[in-house]
Structures are given as structure tokens and as C-alpha cells.
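First the structure, in the form of C-alpha cells, and then the observations on it.
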Amino acid sequence: MRVDVVTIFPGFFDVLEVSLLGRARERGLLEVHVHDLREFTSDRHRTVDDTPYGGGAGMVMKPEPWGLALDALAAQAPTPPTIVFPSPAGELFSQATAQEWSEREHLIIGCGRYEGIDERVFAYAATLGEVRLVSLGDYVLNGGEVAAMAMIEAVGRLVPGVVGNPASLVEESHSDGLLEYPSYTKPASWRGLDVPDVLLSGHHGRVAEWRHEQQLERTRTRRPDLLP
Ligand code: JCH
């Protein structure tokens, strides 16, 4: 999979070099290329924003640099890319979204700043590929970069071969939409806090049953919205 990121803060993505995905990049499973939107400007001040038509607070990202950036990145693609814009006004990003995108050849992620991007950019992008406006959750970030990083990590670890232990992905996908069960490791007693006896019993059936009960109980108390 190839991911192209367009941003006015390319340095934001330096951390990808040292994360889980750094190794996947070295092995050629996942390529992430970061592009500075200002490279697609032609004025002396490399301007990417302007005042909003109709008035209002803040600034809006100009369409012209976005048009040139998208042209350049979509042109080098053999198949139409999925073009993602993180947005507080987008559809919710979920594990299902990550799964769907992990099977795609080419993602382009456009990171807005200020109050967002001129709406015509989304219409233009739709002539180059499938456009998705996607929100991480119902809170407001200062721009698309943090959301893009989260999406790259969630999608990247599902690309076949990226995560070291495929069994952990299988276990996740079998969780039936419930929260995970609690995990413990050695020592069995720590600062007066003990690991539940059932986990030390060696009874695989009872362990599985206990973990499922824990999943149901946690989901009931923390995320009742996930239950039918
Ligand atoms: C973004 C902004 C609109 C501030 C600019 C681009 C995504 N889940 C999620 N939360 N926030 C974002 C996000 C994504 C891209 C951009 N901003 C800042 C945008 C605002 O109100 C109109 C205020 C935020």
C-alpha cells in the first residue's frame, strides 16, 4: 500500500520512522510519502489560506494549491486513489473503515488547517478518485494531522504482513464488537493486588468463559451503545 499525505506541517509525520510502521516501511509493505502543500504555491509568501466568502471568523484553505497537489499525486497512481480528508464534519472512522482501506492500493490523505478547506476541493477530488471526509470522533482538533496519524496507524497494522503476530489480529476480529477482556502478566501478586485465580488455574474452558463475562460486563458499564 502507498499513502501520500499532504500537509503544511510535514515534520509532524517524522514519528512514523520510529513506530511500528517504520519496520513495515523498511520491508516495503507500506510506503508513506509526505508532501508540503506550500510546494504547490507560486506566490512569494507561499500562501495557502484566505478570508472566508460570506464573512466569519478565521481563515479557509485556498483551492489552487490543493488542486495542483492532488493532480500531481493522482497522476502517478495506476488506479484511482481513495482520497481522505480528516474533518470534524465527516463520517465516523471505525475499525470497519480501517479494514476496508487496508485492502486498497493507494490512499491520499489531505490535512486541512485553519477553519478547513474550500468546499470545491472535495468536488474536484471526486473527479480523481473516491473521496471520504472522515472524523476521528466528536471533538475538535486544530487540523487534520493528528487524525491522519491515527488513521495511518489503524490502517497500516491491518495491511497483510505488517503486524508481527497475525493471531492477535484474528483474536481482535473475533471480539464480536465487545470491549477487550482485562490482561495480566507476572508477578501473580503485586503491591497487594492479585491476578484473578481463574487465570492461574490452567482451565482453558473456564478462562475463556471468564474472559467473555468480563467483556460483556465492561461493555455494559463503559460502552452500552455497542450492545444490541
Ligand atoms: C480540522 C477546525 C473546523 C476547527 C481544520 C482542518 C477531525 N475528528 C476531528 N476533529 N477535528 C478534526 C479536524 C480535521 C481537519 C481539520 N480543523 C480545525 C475545523 C472548525 O469549525 C468549523 C474548527 C479539524
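The values are calculated or read from the model by the stated rules, or taken from the named source; none is laboratory data. Since the structure is predicted, the reported quantities are computational estimates derived from the model, not experimental observations. No Cβ is skipped: glycine too gets one built from the backbone with ideal geometry, and neighbour counts run over all protein chains shown. Ligands, DNA and RNA are excluded from the accessible area calculation, which covers all protein heavy atoms including side chains. Shrake-Rupley method; radii C 1.70, N 1.55, O 1.52, S 1.80 Å.
Some notes on this structure:
- The GNM of the chain, with springs linking C-alpha atoms under 10 angstrom apart, assigns the highest mean-square fluctuation among Glu145, Glu180, Glu115 to Glu180.
- Enclosed volume per residue, in Å³, of the convex hull spanned by Cα atoms of the chain: 188
- FRET efficiency, 1/(1 + (r/R0)^6) with R0 45 Å, evaluated for His45 and Leu227 via beta carbons: 0.25
- Backbone geometry of region 47-57 corresponds, through the Karplus equation with coefficients 6.51, -1.76 and 1.60 at θ = phi - 60°, to 3J(HN,Hα) couplings of 6, 10, 10, 7, 6, x, 4, x, x, x, 7 Hz, x marking Gly and Pro.
- Between the amide H of Met59 and those of Glu115, distances stay under 5 Å, these residues lying 5 or more places away or on another chain, with hydrogens modeled in the peptide plane.
- Heavy atoms of the protein chains alone define the surface here; on that basis the chain has 59 Å² accessible area per residue at 1.4 Å probe size.
- Gained length - Ser189 relative to Arg25, 0.36 nm times residue gap less alpha-carbon distance: 55.0 nm
- Inter-label distance for Glu130 and His204, nm, one decimal - labels placed 7 Å from Cα along Cα-to-Cβ: 3.9
- Contact order for the chain, expressed relative to its length and based on alpha carbon pairs under 8 Å spaced 6+ residues apart, stands at 20 percent.
- At q = 0.11 Å⁻¹, base-10 log of I(q)/I(0) for region 67-189 (Debye sum, equal scatterers on each alpha carbon): -0.47
- Helix 204-222 axis, angle to the chain major axis (alpha carbon atoms, nearest 10°): 50
- Total charge dipole magnitude, the chain, about the Cα centre, Cβ charges on Lys, Arg, Asp, Glu only, Debye to nearest 20: 480
- Share of carbon and sulfur in the accessible area of the chain stands at 54%, probe radius 1.4 Å.
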